[in-house]
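The next block holds one structure in the form of structure tokens; read it before the comments.
The values are calculated or read from the model by the stated rules, or taken from the named source; none is laboratory data. Computed from a predicted structure; not experimentally measured. All Cβ positions, even for glycine, are placed from backbone atoms using ideal geometry, and neighbour counts span all protein chains on display. Surface accessibility is based on the protein's heavy atoms, side chains included, excluding ligands, DNA and RNA. Shrake-Rupley method; radii C 1.70, N 1.55, O 1.52, S 1.80 Å.
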Amino acid sequence: MNTFMPGMYMPVSPIHPASQHYYGFARQQPMSYKSLQEALTLVKQAVAGEREDELFYEYLISVAPSQEEKEIIISIRNDERKHNQMFRKIYQDFTGQSIVVPANATFEKPVSYLDGIRKALFGELGAVERYRDIRAGLPTRYYRDMVFEILTDEQKHATKYNYILNLNVRSV
């Protein structure tokens, strides 16, 4: 069946589905600018700091000045737990191995609550940059969509931390 319908993807070249037609020439395009191996290394790094992150969130929750801020940080912590499970699944699915992390982690207590919130905000923004590279290295849409969910959550978290900072700047 060679019927073309609008919106249907029609590869230009049978050689590679990522080929594109450019000014009359078929051009070979790489599948991604990151490799699966690079993505899996970054996934392992993302999971490795999980215990330290957990301790950090528990500290922020314990010193948050209002119930609203506690609930916001609890929701972020819960999302981070979900992300951790999603990254573990991705790693397991591609390698057949589980990621093992040491249980005896410690964290550096921030100078103040607001310093911790600032650290958390910039941590979320840094995660977005790293997770884009993970997404780029994954070979299928299923896994890329999982990481897209994590990416958008991280952006949402950064916005929530900005909100918390704004609340506290107004009250100073």
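Structure values in brief
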read-out: Check on residue 75, closer than 28 Å to residue 144 by Cβ and not acidic (Asp, Glu); value: yes
read-out: Scope the stretch 128-144; condition aromatic (Phe, Trp, Tyr) and either open to solvent by less than 80 Å² (accessible area, probe 1.4 Å) or within 11 Å of the chain's Cα centre (by Cα) (or both); matching residues; value: 131, 143
read-out: Residue tally, condition at pLDDT 95 or above, out of contact with any Phe, Trp or Tyr (no Cβ under 8 Å at 6 or more places or on another chain), farther than 15 Å from residue 117 by Cα and open to solvent by less than 50 Å² (accessible area, probe 1.4 Å), over the stretch 43-78; value: 0
read-out: In the stretch 145-172, the residues that are open to solvent by 70 Å² or more (accessible area, probe 1.4 Å) and either among the hydroxyl-bearing types (Ser, Thr, Tyr) or touching a Lys or Arg at 6+ places or on another chain (Cβ under 7 Å) (or both); value: 148, 159, 163, 171
read-out: Residue within the stretch 107-127 that is within 18 Å of residue 38 (Cα to Cα), open to solvent by less than 80 Å² (accessible area, probe 1.4 Å), modelled with pLDDT of 95 or more and of a type in the set (Phe, Trp, Tyr) present; value: no
read-out: Flag for residue 39 being within 20 Å of the chain's Cα centre (by Cα) and either part of a helix (DSSP H, G or I) or at pLDDT below 95 (or both); value: yes
read-out: Pick from the stretch 95-117, criterion part of a loop (DSSP other than H, G, I, E, B) and more than 23 Å from the chain's Cα centre (by Cα), ranking: farthest from residue 61 (Cα to Cα); value: 104
read-out: Near pairs, Cβ below 8 angstrom, 6+ apart or cross-chain, from the stretch 49-72 (assigned to a helix (DSSP H, G or I)) to any residue that is buried (at least 18 other Cβ atoms within 10 Å of the Cβ) and polar (S, T, N, Q); value: 50/84
